[in-house]
Amino acid sequence: MNSLRDWMMPMQASEHAAKIDNLYLFIFWLTLAFFILIAYLTVAFAWKYRRKKEGVLTVNLQHNLALELVWSIIPLILVIGIFFWGFNDYAAASVAPNDALEIHVTGKKWNWSFEYPDGTRSIRSLHVPVNKPIRLIMTSEDVLHAFFIPSMRVKQDVIPGRYVDLNFTPTVAGRHQVFCAEYCGRDHSGMMADLFVDTPAKYAEWLEKGDEELYKMKPAELGKMVWEMKGCNSCHTIDGTKGEGPSFKGIFGKTEKFRDGSTIVVDENYIRESILNPQAKVVAGFEPVMPTFQGLLREIEIKGVIAYIKELK
Amino acid sequence: MSSETHVVEHGAEPAFRQHHFVDAEQQFSTSKIGMWLFLATEILMFGGLFVGYGLMQGVYPEAWVAGHHHLDRIMGAINTVFLLCSSFTMVMAVHASSTNQKSKTILNLLFTLAFAAGFLVIKYFEYSHKFHDGLLPGRYFAYHGGGPPQQAMFFGFYFVMTGLHGFHVVVGMALITWITIRASRGEFSSAYYTPVDLVGLYWHLVDLIWIYLFPLLYLVS
Amino acid sequence: MSDHAHAHSNSARVYVFTLAVLLILTGITVGAAYVNFGSSSINLFIAVGIATLKASLVALFFMHLRHDPPLNAIIFISSLIFLGLFLLFPWIDIYSRDRVVPYGLRVQAQPAAAQKQAPAPAAGEHGAAPAPAAAHH
Amino acid sequence: MADTVASPQVHGPVGQHDVDYLHDGSLLSWLTTVDHKKLGVMYLWSILFMFFLGGIFALLVRLELFAPGKTIMDAETYNKVFTLHGAIMVFLFIIPSIPAALGNFALPIMLGAKDVAFPRLNLLSFWIYATGAMIAVVAMVTGGVDTGWTFYTPYSTTTDGSVALMTFAAFVLGFSSILTGVNFIATVHKLRAPGMGWFKMPLFIWGIYSTAIIQVLATPVLAITLLLLIMERTFGVGVFDPKLGGDPVLFQHFFWFYSHPAVYIMILPGMAIISEIVPAMSQKTFFGYKATAFSSVAIAIVSFVVWGHHMFTSGQSQLAGAIFSFLTFLVGIPSAIKVFNWITTMYKGSISLQAPMLYALMFLILFGIGGLTGIFLGAMSVDIHLHDTYFVVAHFHYVMMGSTVIAFFGGLHYWWPKMFGRMYNETAARIAAILVFIGFNTTFLPQFLLGSRGMPRRYYNYLPEFQFLHQVSTVGSWILGLGFLIMAGYLFASLRKKFDAPPNPWHARTLEWQIPSPPITHNFHEVPVVKSDPYDYYRPFEPSVKGHH
Ligand code: HEA
Ligand code: HEA
Ligand code: CUA
Ligand SMILES: [Cu+2]
């Protein structure tokens, strides 16, 4: 029985997966029974009563109330049962426990990006601690997508302009596959992500250090990614036009004037300070609106930004 | 071998009866059923717009209030009166044609046309006023008087709904013109006035839809 | 009106009467729209109610449903019933969607606090942020 | 539309009516014919062509999926190909297939009428169909469409290509379907022959009648949905696009309000054919006639309120989802009633296993699978996992291809002698039927497994673990294609023969079998008088038509 399930379904890796599979298997056996009944009768009658002589008259069977009631009412009772079973599990699976870990998910053609409670972000890979209720709060930036993790038995459309949630408690550590299940254009089939279910210790370590990939990237590339992903780009351009904040283009090595009249030559330390304590020195002509990124950027990411700014001549 | 039935069928039968009907009565009531079915599809088609309009009104009530303030109730009311009167003249035309009153039929049909034209003229003024103010649907919305941005959607609905309705008015006028011509040729009589009756039904539906469009677009705040 | 056949002048009189009632009802709707009945849904109710009354008059008298074989009325009414179903279910959906606006996010979702969460789409166009479900709270 | 009813019709000399309808009038006169039989035949060739076209796209889809990554085309082409496959099969093939082709041909004769109620409307409806098809072809060659047949917003309002044109084509095609429905309802109500009470109508009529109800009440909503979509694309009227304040889930409500009932527009006529073939080929009274007749109407009505089962994961409210799930299950019951009635009708019959019956038997088995897998999808929690996977693809091919299309071909084989006056080669027909059966199951049975294992649909590329099952499926599609190739062969071959079909090759008792094959233009020399029930196989035959046997 279990081997049949494992043959038909992916691994059961969340708390509610077993419930869904149980109903699936129940319907499977039930409908199989009905199917065998139908198929058997069809074939058996076709064979047994095949025409042996032309032009015979047959018996006149027009109806049989008892029989007809039986085959209407039994399926009726069965499907009503299935409805309640399915609805209960569905409702249970979609309620988030109060202590759920909330992670934001954004779908955009054709990538998934994630933001964790401490501000850490990642693309195409989602890390969660094992045995902890997870609540994904999801939105899309362009068209519909759907977040689908087969082994967790969860799926939810991701809708632009709206937040939807998805709840599950992963029980099996390791890598799991995430698909985009709502058609979204050219790379719909490539819009995948990895779900890493880690031990709590490993999860904490990951939050601290980030993806291994970060360490493999060139610092300037990493910096560009930070600029895109952490929202620097909403205030800072890279082409010299003035945004809410100064453009990054050509500032490295330039002499910057501040509101209080003092000046400084932009160098690594100044950039670092501007990110972690932006209000310490406010550039002339700008408001002190930049939020601090203290705790939101890892050391390696700050280094990346510096390298990136250096490149923007 | 079947000549007998054919003789019966082709006896003193009127020319308008099609061969697959037994008698004129059957043909008449069949046409009516067909027309009513067609009207049912019209109701569901417009109905889709009403559903979208109603649901979105629930979502953006302020935009709807702001939007409908730009509509002229008086113009809307006059148009309602026009359409009601045209429905009346239409039914009078049907009545006249079913009682062999040729000139009365034509006169009433012409009245109907006149009311319909009046309706379109007023619509024209309303539309050009909206165009002038930049109260255009969707992307072309260019009104600078402020208010919630979803007014663009309100005017999207306004133009799609009144536009589709206006299109029906134009089609109706074409049909009325056509039966006016046929009436003037003396094609209708108490024995056969189906086309007048069917066009009448169509025209009443156009009126009926406006009866809902008017309060929902112009009056509800 | 019809000076021609007595039986028919009767139905002509019915048409005139119907038109008169329709015009009066139109006057009432317009008038009622200027009165504030305390809540906009009451105004809506009145307006749609009167419209329905008018529509019934048109259908019954001008469109002859009163005397027609019942099938025509059945067709007409079923189209309205199915239209009703079409309105009902999306309505149920839109007005019971609360859950999908996450509890914690309702307040935060305002653009002002946008810095720390997934940026609202449509690049900060205010009205466009969390759409239908959030809008009526 | 008013004039379709009321214009003068001049009758020729009496003798003219004795010519069979295929040879009555020049070839060119077919284009303006109002004869329901000719229109049925014209529809038949059109939809068969569309099936061929859609089938070629299907074979391309399967070929691309033979291996992960690029096999024969790139992702953008693939997306267009599966969209066109779905859109052609649905809008151009399956919806008009049974009602407009076989229904047009058989329905008036089965009622004992000379034509449908509005013959000219019928012609108009055909030409609207042809126009819609032409627009669709233009859309295909000028940019194509890559939205999926469901046109979900906001993707469909933002992607390139001829989406507006394609939706317009579907819009036009909708009107063709509406007019056919209007015509059939009026025909059934008003043109029944003397003696043909409602419960003396063949069950085929009940099925087509129920279908027509859906066509009339649901299709206008598709029209308005597509109109709003076009408005949104061209004028930015943002009813559905969230960037403009609209609600994309609302689009899905609009779309499925039509498209769920539309799946019953597909299956009810299929069931109607089976209800005809089973008693005739078994020479047995229909078991549970009234229950079957009413269940058609019940399916038609309940089918309007289950559409939300396509939206369990769409972000519609839980409450709405629960109501829809419950109602979805209720639709299973009338279907169950029908299945059991067909099977019981075979009991103690005298069953001929000729081609039409083979298709009917295949239908019973394949609809069993397709319908029962619908139960998985109707259960909310299970559908969360299965939605938008190949499980759904397999489900709907079992009900559309495996049931409706199989029933259609069953009906085609059943009425072919009547339509064209020729018998096809029975042996070849049996071989083709068996190949189709094997090929179909090889293609789509593995897809259930793919889906439950998590393979999403509309995927150009897939993970290596899914490859084996995809390959089995692709090979299946070739067997299926071979089956159809053989079918095309013997059917065309039969057309080159002289008329050799007897008036009633199956010894059936409905009216169309009591007139010559092929029928004369006006179907009946005199109005038939119906005395017995359509399936009175327990007593000697009592013809309703005089002068024929
Ligand atoms: C001919 C077309 C056709 C038919 C007849 C059906 C019939 C049914 N369909 Fe199907 N369906 C489609 C065409 C069809 N469907 C299509 C095209 C899609 C996908 C569209 C897309 O997304 O592209 C779809 C998708 C679809 C979904 C959405 C899946 C998803 O996207 O997540 C669901 C969910 O409930 C569903 C359910 C059902 C049910 C319950 C029936 C029922 O009517 C079946 C009833 C029949 C039986 C149940 C069998 C006979 C009964 C018995 C033998 C008695 C015993 C029975 C019991 C004990 C229950 N269908
Ligand atoms: C009536 C409806 C219908 C029918 C009959 C079919 C028939 C077939 N379908 Fe289709 N299908 C759909 C409706 C239909 N389909 C829809 C609505 C979709 C969803 C689209 C979307 O997602 O938007 C879909 C999607 C779909 C997919 C999923 C694509 C994806 O999600 O990425 C696949 C994949 O295998 C597929 C395969 C097939 C096959 C192999 C057949 C075969 O049964 C076809 C058999 C026919 C032929 C083979 C042609 C006839 C042949 C001849 C006359 C002889 C010539 C033969 C040779 C040259 C060999 N279909
Ligand atoms: Cu994103 Cu599909
Ligand atoms: Cu459905």
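Residues that are away from ligand 1 (no atom under 15 Å from the Cβ) and within 14 Å of chain B (Cβ to nearest Cβ), at least 3 per element: which helices (runs of 4 or more DSSP H) completely within the stretch D:75-188 meet that? Full working, then the answer.
Numbers: elements: D:75-87, D:104-111, D:119-141, D:155-158.
Passing ranges, in order: D:104-111, D:119-141.
Of all residues being more than 16 Å from ligand 1 (Cβ to nearest atom) and more than 11 Å from the chain's Cα centre (by Cα) in the stretch A:174-191, which is farthest from the other protein chains (Cβ to nearest Cβ)? Just the residue, please. Quick ask: steps written out before the conclusion?
Our first condition is that a residue be more than 16 Å from ligand 1 (Cβ to nearest atom); within the stretch A:174-191, this holds for A:174-178, A:185-187, A:189-191.
In the following step, the residues that additionally are more than 11 Å from the chain's Cα centre (by Cα) were identified as A:174-176, A:185-187, A:189-190.
On the way: A:Gly174: 16, A:Arg175: 13, A:His176: 10, A:Gly185: 6, A:Arg186: 5, A:Asp187: 7, A:Ser189: 4, A:Gly190: 6 Å.
Looking at the filtered set, the residue picked out is A:Gly174.
Here is a yes/no grid of residues against (1) under 20 Å from the mean Cα position of the chain (by Cα); (2) modelled with pLDDT under 95:
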position	(1), (2)
D:Ala101	yes, no
D:Arg120	no, yes
D:Met140	no, yes
D:Gly144	no, yes
D:Gly148	yes, yes
D:Phe171	yes, yes
D:Val182	yes, no
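If you scan the stretch D:312-323, which residues turn out to be out of contact with any Phe, Trp or Tyr (no Cβ under 7 Å at 6 or more places or on another chain) and either within 10 Å of ligand 1 (Cβ to nearest atom) or assigned to a helix (DSSP H, G or I) (or both)? First the steps, then the outcome.
Looking only at the stretch D:312-323, we keep the residues that are out of contact with any Phe, Trp or Tyr (no Cβ under 7 Å at 6 or more places or on another chain), and these are D:312-319, D:323.
The answer is D:Phe312, D:Thr313, D:Ser314, D:Gln318, D:Leu319, D:Ile323.
From the list D:Phe199, D:Phe175, exactly one residue is under 21 Å from the mean Cα position of the chain (by Cα) and surrounded by fewer than 24 Cβ atoms within 10 Å (Cβ to Cβ). Which is it?
Values: D:Phe199 fails: under 21 Å from the mean Cα position of the chain (by Cα).
Among D:Phe199, D:Phe175, only D:Phe175 is under 21 Å from the mean Cα position of the chain (by Cα) and surrounded by fewer than 24 Cβ atoms within 10 Å (Cβ to Cβ).
If you go through the stretch A:242-269, how many residues are farther than 22 Å from A:Gly304 by Cα and polar (S, T, N, Q)?
Looking only at that region, the number is 2.
Checking the condition of a type outside the set (Gly, Ala, Ser) and surrounded by fewer than 17 Cβ atoms within 10 Å (Cβ to Cβ), which residue from B:Ile209, B:Ile176, B:Ile181 passes? Quick ask: steps written out before the conclusion?
Details: B:Ile209 fails: surrounded by fewer than 17 Cβ atoms within 10 Å (Cβ to Cβ); B:Ile176 fails: surrounded by fewer than 17 Cβ atoms within 10 Å (Cβ to Cβ).
After ruling out the rest, the residue left standing is B:Ile181.
Being of a type in the set (Lys, Arg) and closer than 25 Å to A:Pro117 by Cα is the filter here; which residues of the stretch A:288-313 pass it?
The answer is A:Arg298, A:Lys303.
Mind checking which residues of the stretch A:106-165 are more than 16 Å from ligand 3 (Cβ to nearest atom), facing chain D (nearest Cβ under 9 Å) and among the acidic types (Asp, Glu)?
none
Scanning for something out of contact with any helix residue (DSSP H, G or I) (no Cβ under 7 Å at 6 or more places or on another chain) and of a type outside the set (S, T, N, Q), does the stretch D:184-196 turn up at least one residue?
Kept after step one, since they are out of contact with any helix residue (DSSP H, G or I) (no Cβ under 7 Å at 6 or more places or on another chain), are these residues of the stretch D:184-196: D:194-195.
Then keep just the ones that are of a type outside the set (S, T, N, Q); that gives D:194-195.
Looking for residues that are out of contact with any helix residue (DSSP H, G or I) (no Cβ under 7 Å at 6 or more places or on another chain) and of a type outside the set (S, T, N, Q), one finds at least one in the stretch D:184-196, hence yes.
Considering A:Glu182, A:Glu115, which residue is of a type in the set (Asp, Glu) and modelled with pLDDT under 90? Steps first, please.
Details: A:Glu182 fails: modelled with pLDDT under 90.
Of A:Glu182, A:Glu115, the one residue that is of a type in the set (Asp, Glu) and modelled with pLDDT under 90 is A:Glu115.
Is one or more of the residues making up the stretch B:80-92 over 16 Å from the mean Cα position of the chain (by Cα) and surrounded by fewer than 22 Cβ atoms within 10 Å (Cβ to Cβ)? Give the steps one after another, and end with the answer.
Step one: of the stretch B:80-92, the residues over 16 Å from the mean Cα position of the chain (by Cα) are B:92.
Those still in the list that are surrounded by fewer than 22 Cβ atoms within 10 Å (Cβ to Cβ) too: none.
There is no residue in the stretch B:80-92 that is over 16 Å from the mean Cα position of the chain (by Cα) and surrounded by fewer than 22 Cβ atoms within 10 Å (Cβ to Cβ).
Please count how many residues of the stretch D:238-292 are over 30 Å from D:Thr313 (Cα atoms) and within 11 Å of chain A (Cβ to nearest Cβ).
14
Restricting to the stretch B:180-199, what's the tally of residues that are facing another protein chain (nearest Cβ under 8 Å) and part of a helix (DSSP H, G or I)?
Here is the first cut: in the stretch B:180-199, the ones facing another protein chain (nearest Cβ under 8 Å) are B:192, B:194-195, B:198-199.
Retained after the next criterion (residues that are part of a helix (DSSP H, G or I)): B:194-195, B:198-199.
Summing the residues that are facing another protein chain (nearest Cβ under 8 Å) and part of a helix (DSSP H, G or I) in the stretch B:180-199 gives 4.
For the structure I just gave you, tell me whether D:Lys338 is in contact (Cβ under 8 Å) with a residue 12 or more places away in the chain, out of contact with any Lys or Arg (no Cβ under 9 Å at 6 or more places or on another chain), basic (Lys, Arg) and away from ligand 2 (no atom under 16 Å from the Cβ).
Yes, satisfied.
So A:Lys53 passes all but one of these: (1) at the interface with chain D (Cβ under 9 Å from one of its Cβ atoms); (2) in a helix (DSSP H, G or I). Which condition number does it fail?
(2)
Yes or no: A:Phe196 within 14 Å of chain D (Cβ to nearest Cβ), more than 30 Å from D:Phe82 (Cα to Cα) and either of a type in the set (A, V, I, L, M, F, W, C) or within 16 Å of ligand 1 (Cβ to nearest atom) (or both)? It would help to see each step written out before you state the result.
Numbers: within 14 Å of chain D (Cβ to nearest Cβ): no; more than 30 Å from D:Phe82 (Cα to Cα): yes; either of a type in the set (A, V, I, L, M, F, W, C) or within 16 Å of ligand 1 (Cβ to nearest atom) (or both): yes.
Criteria not met by A:Phe196.
With a cut-off of at least 1 residues that are more than 30 Å from D:Pro242 (Cβ to Cβ) and polar (S, T, N, Q), name the helices (runs of 4 or more DSSP H) lying wholly within the stretch B:27-135.
Of the helices (runs of 4 or more DSSP H) lying wholly inside the stretch B:27-135, those with at least 1 residues that are more than 30 Å from D:Pro242 (Cβ to Cβ) and polar (S, T, N, Q) span B:73-98, B:102-133.
Taking the condition of being farther than 20 Å from D:Ala394 by Cβ and either buried (at least 23 other Cβ atoms within 10 Å of the Cβ) or within 16 Å of ligand 1 (Cβ to nearest atom) (or both), how many residues in the stretch D:45-71 meet it?
Of the residues in the stretch D:45-71, 1 are farther than 20 Å from D:Ala394 by Cβ and either buried (at least 23 other Cβ atoms within 10 Å of the Cβ) or within 16 Å of ligand 1 (Cβ to nearest atom) (or both).
Would you mind telling me which numbered condition in (1) within 16 Å of ligand 4 (Cβ to nearest atom); (2) over 23 Å from D:Asp388 (Cβ atoms) A:Ser122 fails?
Result: A:Ser122 passes all but (1).
From D:Tyr460, D:Tyr535, which residue is part of a loop (DSSP other than H, G, I, E, B) and within 16 Å of ligand 2 (Cβ to nearest atom)?
Working: D:Tyr535 fails: within 16 Å of ligand 2 (Cβ to nearest atom).
After applying the criteria, what remains is D:Tyr460.
Quick one: count up the residues across the stretch A:225-254 that are in contact (Cβ under 8 Å) with a residue 60 or more places away in the chain and closer than 30 Å to A:Ile134 by Cα.
Matching residues across the stretch A:225-254 total 6.
For the stretch B:126-166, give me each residue that is surrounded by fewer than 15 Cβ atoms within 10 Å (Cβ to Cβ), within 25 Å of the chain's Cα centre (by Cα) and farther than 22 Å from B:Leu208 by Cα. Walk me through it before giving the result.
Residues of the stretch B:126-166 surrounded by fewer than 15 Cβ atoms within 10 Å (Cβ to Cβ): B:128-129, B:131-134, B:142, B:144-146, B:163.
Subsequent filtering for residues that are within 25 Å of the chain's Cα centre (by Cα) retains B:128-129, B:131, B:163.
Passing the criteria: B:Ser128, B:His129, B:Phe131.
Please tell me if A:Val70 is free of Cβ contacts under 8 Å to residues at least 24 places away in the same chain, within 7 Å of chain D (Cβ to nearest Cβ) and loosely packed, with under 13 Cβ neighbours inside 10 Å. Let's see the steps before the verdict.
On the way: free of Cβ contacts under 8 Å to residues at least 24 places away in the same chain: yes; within 7 Å of chain D (Cβ to nearest Cβ): no; loosely packed, with under 13 Cβ neighbours inside 10 Å: yes.
So A:Val70 does not fit the description; no.
Each row is one residue, and each column tells you yes or no for (1) closer than 18 Å to D:Phe420 by Cβ; (2) under 28 Å from the mean Cα position of the chain (by Cα).
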{"position": "D:Gln467", "(1), (2)": "no, no"}
{"position": "D:Gln471", "(1), (2)": "no, no"}
{"position": "D:Ile479", "(1), (2)": "no, yes"}
{"position": "D:Leu511", "(1), (2)": "no, yes"}
{"position": "D:Pro518", "(1), (2)": "yes, yes"}
{"position": "D:Ser544", "(1), (2)": "no, no"}
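Could you give me the residue pairs with C-beta distances under 9 Å whose first residue belongs to the stretch D:276-294 and is without any contact (Cβ under 8 Å) to a residue 60 or more places away in the chain, whose second residue is crowded, with 24+ Cβ neighbours inside 10 Å and among the aromatic types (Phe, Trp, Tyr) wherever it lies, and which are 6+ apart or on separate chains?
Final answer for the pair search is D:Phe294/D:Trp206.
When you scan the stretch D:220-237, how many residues do you find that are touching a helix residue (DSSP H, G or I) at 6+ places or on another chain (Cβ under 6 Å), more than 7 Å from chain B (Cβ to nearest Cβ) and more than 16 Å from ligand 1 (Cβ to nearest atom)?
Of the residues in that region, 5 qualify.
Does A:Asn131 qualify as being surrounded by fewer than 24 Cβ atoms within 10 Å (Cβ to Cβ), more than 16 Å from ligand 1 (Cβ to nearest atom), touching a residue at least 12 places away in the same chain (Cβ under 8 Å) and not in a loop (DSSP other than H, G, I, E, B)? Working first, answer last.
Details: surrounded by fewer than 24 Cβ atoms within 10 Å (Cβ to Cβ): yes; more than 16 Å from ligand 1 (Cβ to nearest atom): yes; touching a residue at least 12 places away in the same chain (Cβ under 8 Å): yes; not in a loop (DSSP other than H, G, I, E, B): no.
So A:Asn131 fails the test.
The values are calculated or read from the model by the stated rules, or taken from the named source; none is laboratory data. What you see is a predicted model, and the numbers here were worked out from it, not measured in a lab. Every residue, glycine among them, receives a Cβ derived from its backbone with ideal geometry; neighbour counts consider all protein chains shown.
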